[in-house]
Amino acid sequence: MTKTSRRAAAAAASAAAVLAFTAACSSSSSTTPAAPAATGSATGTITWFANQFGPTTTDVRKTLIAAFEKAYPGITVKLEQAPSDTDTYRSTLVTQISGGSSSFDVYNGDVTWPAQFAKASLALPLNSYFDQSYWNTFSNGLVSSLSYKGQTYAVPLFTDNAFLFYRKDLLAKAHLPVPTTWEQLQSEAETLQKDNLVKYGFAAQFDSYEGLTCDWTEFAADAGATSVNSDGTSSSIDTAAAQKALTFMRGLITSGVTPSAATTFQEQQSESLFTSGQVAFLRNWTYAYADSNTQGTSKVAGDVGVTNLPTFAGQTGPGYSVTGGWNLYVNPHSKNLAADVDFLKWMTGTQAQTIMAEQGGEIPTVASVLADPQVQASNPAYPVAAKNKLNARPSYVAQYSQVSQAIYTNINAALSGSVSPSAALSSANSQINSALSNSGL
């Protein structure tokens, strides 16, 4: 996440009670409206309900609208400012759409919302409007999290990835390579600590909140584990592979590589430890590279490198990165679907994605744009992101709020040492299955 979107990890899926009421009053299989006119032939005015993203010095949304209206002179886009707080924004969307409002046509939404919003009839299914060749343009791992019961309910606007940030100077002093496995990272961290080059080896987001679901999803995927089975019907978290991942995470703390206080760390706390020079390796989002290399505010500016997250020994390629970022959704009550579709298609096309990457500082979702050398030159994290293996949280289940809470509360309990990894996974398994058996949200 960039600074303006890091709220997403901390606040995703927290309005379940409101959605439960909405779902009770809505059909989970709304009828898809007739396909709009051919792309490019639409006219009229649409309203884009969106919170700000990208740098605060300029509003990249207005740049995008101006470029879109130049490409589609028959369509006018009105920008409606959405609440900056994700919880408030989500509640506003739920209230207005469930009440039948058509005051806005398209809206930004978190990457964990598709199944929840689909079940509550808060988003329009999009399969009738985009063919498979369109969905194939996106980076691998982004589209699978957009579906619910065979229908796709959003398009990827911009994404965020997790990276490993590391102290280049410390590795050089110790003549150590950039680690590619978690075991290697732990070993190198212990060496740096033993040589009194750094206080701690590794920091991440281990607090009991949504960010830990992200971190857990990555470690689990590296070990070959998942939290929910692929069809979203039952928990799959209580396995030997998951036990391996959680035992390793706990071992980072008991070995002293990761401070015990990390069980209270969110993004800001883990980054602050890194930028103060107290830790060698950091798992965090894209924005941490610029933060840690900012002269005057970071003690390690100029000494920070960025690479893909490690994986476990014996696995091929880099480790998994969970997907963050925001999608574009269509209000099912919109009166101008043809213009909506043109807007979505353009916003996920080459021109808009390049603008978001180069001027907005957001990782593009279209694979060809992310692979563009000119785009990659605009941000040191982009070439690394192009090599990331992406993995979504289990947001393909409508009960994601409860599922995520079951994950992060139990994983945090194990990391804190209050329960064993096996007991934590057994408890999480039971709670996830209970959540999935709930017909509401």
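Miscellaneous remarks
- No other residue among ALA220, ALA225, ALA262, ALA245 is outside any helix (DSSP H, G or I) and crowded, with 18+ Cβ neighbours inside 10 Å apart from ALA225.
- With respect to the stated conditions, GLY296 fails to be within 30 Å of ALA241 (Cα to Cα) and either not in a helix (DSSP H, G or I) or not assigned by TED's automatic domain parsing to the domain that holds THR226 (or both).
- Residue check, GLN193 assigned to a helix (DSSP H, G or I) and touching a strand residue (DSSP E or B) at 6+ places or on another chain (Cβ under 8 Å): yes
- Residue that is surrounded by the most Cβ atoms within 10 Å (Cβ to Cβ) [pool: residues in the range 137-162 that are under 22 Å from GLU267 (Cα atoms) and in contact with a helix residue (DSSP H, G or I) (Cβ under 6 Å, 6 or more places away or on another chain)]: PHE158
Here is a yes/no grid of residues against (1) of a type outside the set (S, T, N, Q); (2) on the phi > 0 side of the Ramachandran plot; (3) in contact with a Leu (Cβ under 8 Å, 6 or more places away or on another chain):
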{"site": "GLN151", "(1), (2), (3)": "no, no, yes"}
{"site": "THR159", "(1), (2), (3)": "no, no, yes"}
{"site": "PRO177", "(1), (2), (3)": "yes, no, yes"}
{"site": "THR180", "(1), (2), (3)": "no, no, no"}
{"site": "SER187", "(1), (2), (3)": "no, no, no"}
{"site": "LEU192", "(1), (2), (3)": "yes, no, yes"}
{"site": "ASP195", "(1), (2), (3)": "yes, no, no"}
{"site": "VAL228", "(1), (2), (3)": "yes, no, yes"}
{"site": "SER236", "(1), (2), (3)": "no, no, no"}
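- So ARG61, is it within 23 Å of the chain's Cα centre (by Cα) and modelled with pLDDT of 80 or more: yes
- As a summary of the residue check, PHE53 satisfies the conditions (1) assigned to a helix (DSSP H, G or I); (2) among the hydrophobic types (A, V, I, L, M, F, W, C); (3) crowded, with 18+ Cβ neighbours inside 10 Å except for the one numbered (1).
- For LYS387, the conditions (1) touching a helix residue (DSSP H, G or I) at 6+ places or on another chain (Cβ under 7 Å); (2) in contact (Cβ under 8 Å) with a residue 40 or more places away in the chain are fulfilled apart from (1).
- Residues of the range 351-368 classified as more than 17 Å from PHE163 (Cβ to Cβ) and either part of a helix (DSSP H, G or I) or outside the structural domain of VAL143 (by TED's automatic domain parsing) (or both), total: 9
- Some residue of the range 196-215 being over 30 Å from THR137 (Cβ atoms) and of a type in the set (Val, Ile, Thr): yes
- Strands (runs of 3 or more DSSP E) within the range 100-173 that include 2 or more residues within 22 Å of ALA288 (Cβ to Cβ) and not polar (S, T, N, Q): 155-160, 162-167
- In this structure, GLN315 does satisfy being under 25 Å from the mean Cα position of the chain (by Cα), surrounded by fewer than 21 Cβ atoms within 10 Å (Cβ to Cβ) and in a loop (DSSP other than H, G, I, E, B).
- Qualifying residue in the range 298-308 (condition: of a type outside the set (A, V, I, L, M) and crowded, with 24+ Cβ neighbours inside 10 Å): no
Residue-by-condition table, conditions (1) touching a Ser or Thr at 6+ places or on another chain (Cβ under 7 Å); (2) surrounded by fewer than 20 Cβ atoms within 10 Å (Cβ to Cβ); (3) without any contact (Cβ under 8 Å) to a residue 60 or more places away in the chain:
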site	(1), (2), (3)
ALA42	no, no, no
LYS78	yes, yes, yes
THR95	no, yes, no
ALA123	no, no, no
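- Residue list for the range 211-250, filter: of a type in the set (Phe, Trp, Tyr) and either in contact (Cβ under 8 Å) with a residue 60 or more places away in the chain or in contact with a Ser or Thr (Cβ under 9 Å, 6 or more places away or on another chain) (or both): TRP216, PHE248
- The condition of being closer than 23 Å to MET249 by Cβ and free of Cβ contacts under 8 Å to residues at least 40 places away in the same chain holds for only one of VAL419, VAL369, VAL375, that being VAL419.
The values are calculated or read from the model by the stated rules, or taken from the named source; none is laboratory data. Everything numeric here is computed off the predicted structure, so don't read it as measured data. Virtual Cβ from ideal backbone geometry, glycine too; neighbours counted across all protein chains shown.
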